[in-house]
Amino acid sequence: MKKIIYTFFVLLFVSCKKDITQNNIDISANVPTIITPTVATSAQCNILQNVDISTLAKVLLHTKWNNIIEVGNLNTLNDYRNRLISILQTKCNNSIQNLQSLSNADLAWGSLMYKFLLDAGIRNVTQLLSMSLNDYRNTIIVNNQSRTGFSLQQLQSFDNKRNLNEAHKWWFDSNPNTKNIISKLNTPTGSMLFNRKNTNSENMDVLKIVKADEPNFKYLALYHRNEGTYSNGKIIYNLYLAGSEDLISWTRLTRIASNAHQGDIKKWGNGYIIAFEQDINGSDNKVVVKHFSSFYNMYILNTNATKTIDRSFSCFAEGTPDIKTIVGTSPRNSSIEIGFHYFDNGFTDKVAFGILTNFNTWKPFTDEISNYNIQQLGFMGNIGGRKSFNYQGDYVLQEAQIVKDRFETWRLLFGNGAFYSQLNIKTPANLLTPGSSVSFANPGITQIGTNSFVVTSFMFTEGNVQQERGQLLYTTNF
């Protein structure tokens with residue numbers, strides 16, 4: 001039956017692809033609106049963002065005090081600042097006058113202190129309401145003193161963001177839920193499969209999987225392949241769609257896009273939203289987002305809506321999109337939160353996020369909080385791709401590099417979208433010889449059962465033993 005249906009799809013694809021391509025609807029071409037918190041452009045071709053707006057927007061979303069629609073409707077710095085003050089005054093005993101006198105950074109990190117104390121169970125809502133932001137700080141310092149190697153004097157010399165960074169290090173390892181997730185990510189319950197290929201024996205690099213439950217394929221995935229070089233010597237990547245019933249055998253279905261890579265895919269109703277990074281001759285990378293109303297329409301490339309997003313924070317490259325949240329009923333009535341990276345001043349990649357409204361308006365923000373916390377862990381190279389997931393809370397797998405241009409220093413981090421902890425994944429070689437395979441990148445994670453997840457990561461040649469290179473796939477049960 002599968003072969004009959006697949007043959008039908010192939011024949012129909014050949015006869016229809018030309019017409020479908022000519023009739024593709026690109027909503028972004030109708031009203032190309034972009035709202036960017038940009039204040040200047042430097043001589044080094046780096047677009048300077050409004051750091052305060054980005055930080056306040058991140059806090060509103062991370063605390064869940066506002067959703068992506070509400071944050072997307074804010075515009076000026078005062079909008080973000082006043083929104084956070086109006087909420088924070090209901091959480092602590094600081095007067096409104098006192099909150100209004102605080103800097104944007106103090107308001108942001110004060111809000112994150114509230115969230116930490118509540119999430120960690122150190123204080124409840126009633127107790128926090130009777131405390132000031134300075135009380136929050138002192139409470140975190142006392143807890144850090146008993147759980148870290150820092151003295152009270154050292155902790156008192158740290159600012160709020162440094163103390164929160166230290167607090168999350170011990171909390172991730174002591175909180176039962178995050179401790180369990182980290183343990184199961186590090187020590188998978190299923191077999192680890194390396195160098196994944198499709199049934200045509202083609203590499204499937206940077207695999208991102210979605211549980212599709214289509215009649216012929218339980219799982220769908222995007223991946224890219226190295227398919228030559230441009231005249232300038234840069235690699236040509238093309239993005240493909242594949243299907244599988246068992247996560248082991250994958251059938252290549254169609255090429256989704258040329259000169260494209262680093263794809264992500266998410267099911268939305270009966271259809272799918274995909275996002276990927278597209279380049280011109282190996283550079284000038286931008287994020288592209290597409291909606292397909294069904295699996296069949298995705299197979300024949302009948303796009304319902306397309307948005308090519310102009311770069312927001314880098315004149316060089318932006319990419320590795322991660323579809324975080326989708327709200328709405330159709331592309332023209334939707335809000336989508338997308339994570340991405342930007343090539344900061346042409347030196348290293350850093351992470352950012354944006355809200356795409358109605359496949360038209362794009363409002364981007366640099367993720368100042370994540371960038372700080374990841375660098376504080378010692379990752380001073382690129383901070384690149386990531387994949388969000390939910391299991392008794394919202395979490396993310398994030399790739400980060402210890403040293404720029406050293407591929408053997410790529411590692412995977414687990415985090416809550418703002419604070420992070422380095423993973424130490426036990427591959428078969430690592431169980432025999434610790435440290436045999438250490439370089440993990442391009443993470444993916446998808447829920448496939450009540451407690452079970454499939455995890456993917458690309459294993460570079462550098463830093464890994466020969467039998468543990470290429471595309472990694474494994475399942476684990478939380």
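Only the coordinates and a few stated rules stand behind these numbers; no lab work does. What you are looking at is a predicted structure, and each value in this text was computed from that prediction instead of being measured. As a convention, Cβ positions derive from the backbone with ideal geometry for all residues, glycine included, and neighbour counts pool all protein chains shown.
Out of all the residues in the range 245-283, which are on the phi > 0 side of the Ramachandran plot and among the polar types (S, T, N, Q)?
Within the range 245-283, Asn259, Gln262, Asn281 meet the criteria.
Could you look through the range 314-342, keep only residues that are aromatic (Phe, Trp, Tyr) and buried (at least 21 other Cβ atoms within 10 Å of the Cβ), and pick out the one that is farthest from Leu60 (Cα to Cα)? Break it down stepwise before answering.
Residues of the range 314-342 that are aromatic (Phe, Trp, Tyr), as a first pass: 316, 340, 342.
Restricting the remaining residues to those that are buried (at least 21 other Cβ atoms within 10 Å of the Cβ) gives 340, 342.
Numbers: Phe340: 19, Tyr342: 22 Å.
Once the filter is applied, the top-ranked residue is Tyr342.
Within the range 349-373, how many residues turn out to be β-branched (Val, Ile, Thr), outside any strand (DSSP E or B) and crowded, with 24+ Cβ neighbours inside 10 Å?
The qualifying residues number 0.
Condition first: of a type in the set (S, T, N, Q) and exposed (fewer than 14 other Cβ atoms within 10 Å of the Cβ). Now tell me which residues in the range 121-133 satisfy that.
Result: Asn124, Thr126, Gln127, Ser130.
Give the range 459-470 a look and list any residue that's within 20 Å of Gln262 (Cα to Cα) and out of contact with any Lys or Arg (no Cβ under 9 Å at 6 or more places or on another chain), or say none.
Arg469
How do the helices (runs of 4 or more DSSP H) wholly within the range 138-212 filter down when requiring 1 or more residues that are within 16 Å of Phe453 (Cβ to Cβ) and in contact with a helix residue (DSSP H, G or I) (Cβ under 7 Å, 6 or more places away or on another chain): which remain? It would help to see each step written out before you state the result.
Numbers: elements: 152-157, 160-174, 176-186.
Where helices (runs of 4 or more DSSP H) fall fully within the range 138-212 and carry at least 1 residues being within 16 Å of Phe453 (Cβ to Cβ) and in contact with a helix residue (DSSP H, G or I) (Cβ under 7 Å, 6 or more places away or on another chain), they are 176-186.
So Asn93 fits all but one of (1) in contact with a Leu (Cβ under 8 Å, 6 or more places away or on another chain); (2) in a helix (DSSP H, G or I); (3) of a type in the set (S, T, N, Q); what number is the exception?
With (1) in contact with a Leu (Cβ under 8 Å, 6 or more places away or on another chain); (2) in a helix (DSSP H, G or I); (3) of a type in the set (S, T, N, Q) applied to Asn93, the lone miss is (2).
Out of the strands (runs of 3 or more DSSP E) lying entirely within the range 214-313, which hold 3 or more residues that are buried (at least 18 other Cβ atoms within 10 Å of the Cβ) and among the small types (Gly, Ala, Ser)?
Once the strands (runs of 3 or more DSSP E) in the range 214-313 are filtered for at least 3 residues that are buried (at least 18 other Cβ atoms within 10 Å of the Cβ) and among the small types (Gly, Ala, Ser), what remains is 235-244.
Within the range 384-399, identify whether any single residue is crowded, with 24+ Cβ neighbours inside 10 Å and in a loop (DSSP other than H, G, I, E, B), and answer yes or no.
Scanning the range 384-399 turns up no residue that is crowded, with 24+ Cβ neighbours inside 10 Å and in a loop (DSSP other than H, G, I, E, B).
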